[in-house]
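The values are calculated or read from the model by the stated rules, or taken from the named source; none is laboratory data. Owing to the predicted nature of the structure, the values given are computational and were not obtained by experimental measurement. No Cβ is skipped: glycine too gets one built from the backbone with ideal geometry, and neighbour counts run over all protein chains shown.
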Amino acid sequence: MLTSNTILFCTGAYVHHSCWDEWITYFNERGYQAIAPPWPGKNSDPGALRARQPDARLASVSMAQLVKHYEDIARSLPEKPVVIGHSFGGLIAQILMNKGLVSACVAIHAAPPQGVLPLEMDFYRSNTRAFGYFTSLRKTYLISFKTWQFAFANGLSPATQRSSYMDLAIPESKRILRGGLSKDAKIDFEKPHSPLLILAGSQDQCIPAHLCHRVYRRYTDRSSVISYVEKQRSHLVLGLPTWEEDAGFIYQWLQENQNVYSNA
């Protein structure tokens, strides 16, 4: 019997929440009840969302609203969930953990909290346009295919890069992305926390592994369980051929730490 069998998946920026579909099936088949709710303003299929570009309603959503959205979902669940987040969703997952709302946290190639400065040029090449400086905040940002190839799908065949883009890429709120630099993305790294697994990818050009490792080193509470693992992965992660291997690794880590997070 699992001591916590609810999983809340937190989706990253630029992508549709259907990126978790296979992961939901994987964990449900192993005794969990997993959900991957869409971000506010994104409850449509990818084609419909792209057709709204630029989407004024989505563009109005802020970081504070996104955090509250996930907070409300976490509080509505029958137990403190295991929260698993990718990219910007990995940042959201850590914020929920910092608020004491989760039983365990997995941050997959996660965007950095406030105060952890990206030093890698690949990060800026992947993300600078999304912040939309010198552009209107009333318009959403849609990642270009060229940027997708560099930031998400490097190392994959051109056909796979194109299909993953068409399946997953959707418009994004610049307000949310800028909010990732604000106090709404602040974490108290000295605070005791539930078990935390940070995964990084040596081929990730959107959120480079060195950046993930600097976040890992900022956590200082020695009474809390924290693990850092780096694998040969690009940022797409969830849609790579190795996705089931990664899901299995996370599943095993949860099993090994369930006695810890059952008391969280």
Among residues belonging to segment 239-250 that are assigned to a helix (DSSP H, G or I) and surrounded by 15 or more Cβ atoms within 10 Å (Cβ to Cβ), point out the one that is farthest from the chain's Cα centre (by Cα). 249
For residue 162: the one exception among (1) touching a Ser or Thr at 6+ places or on another chain (Cβ under 8 Å); (2) part of a helix (DSSP H, G or I); (3) more than 23 Å from residue 9 (Cα to Cα): (1)
Check off (1) touching a Lys or Arg at 6+ places or on another chain (Cβ under 8 Å); (2) among the acidic types (Asp, Glu); (3) without any contact (Cβ under 8 Å) to a residue 40 or more places away in the chain for residue 204 and give me the number that stays unchecked. (3)
The correct count of residues that are exposed (fewer than 14 other Cβ atoms within 10 Å of the Cβ) and closer than 19 Å to residue 176 by Cα in segment 138-158 is 2
Cβ-Cβ under 6 Å, sequence separation 6+ or interchain: first residue in segment 207-225 and part of a loop (DSSP other than H, G, I, E, B), partner of a type in the set (Val, Ile, Thr) and at pLDDT below 95. Which pairs? 225/260
When segment 41-95 is checked residue by residue, the ones that are outside any helix (DSSP H, G or I), within 19 Å of the chain's Cα centre (by Cα) and crowded, with 19+ Cβ neighbours inside 10 Å are 41, 42, 61, 80, 81, 82, 83, 84, 85, 86, 87
Scan segment 211-227 for residues that are more than 15 Å from residue 91 (Cα to Cα) and either surrounded by 15 or more Cβ atoms within 10 Å (Cβ to Cβ) or of a type in the set (Gly, Ala, Ser) (or both) and jot them down. 223, 224, 225, 226, 227
Considering only segment 31-80, how many residues are within 18 Å of residue 4 (Cβ to Cβ) and of a type in the set (S, T, N, Q)? 2
Under 6 Å between Cβ atoms, at least 6 apart or on separate chains: pull out the pairs that start in segment 102-127 with a residue that is within 26 Å of residue 252 (Cβ to Cβ) and end on any residue that is surrounded by fewer than 24 Cβ atoms within 10 Å (Cβ to Cβ) and of a type in the set (Ser, Thr, Tyr). 103/4; 103/261; 104/261
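Determine which member of the set 214, 222 is over 15 Å from the mean Cα position of the chain (by Cα), among the basic types (Lys, Arg) and within 20 Å of residue 114 (Cβ to Cβ).
Among 214, 222, only 214 is over 15 Å from the mean Cα position of the chain (by Cα), among the basic types (Lys, Arg) and within 20 Å of residue 114 (Cβ to Cβ).
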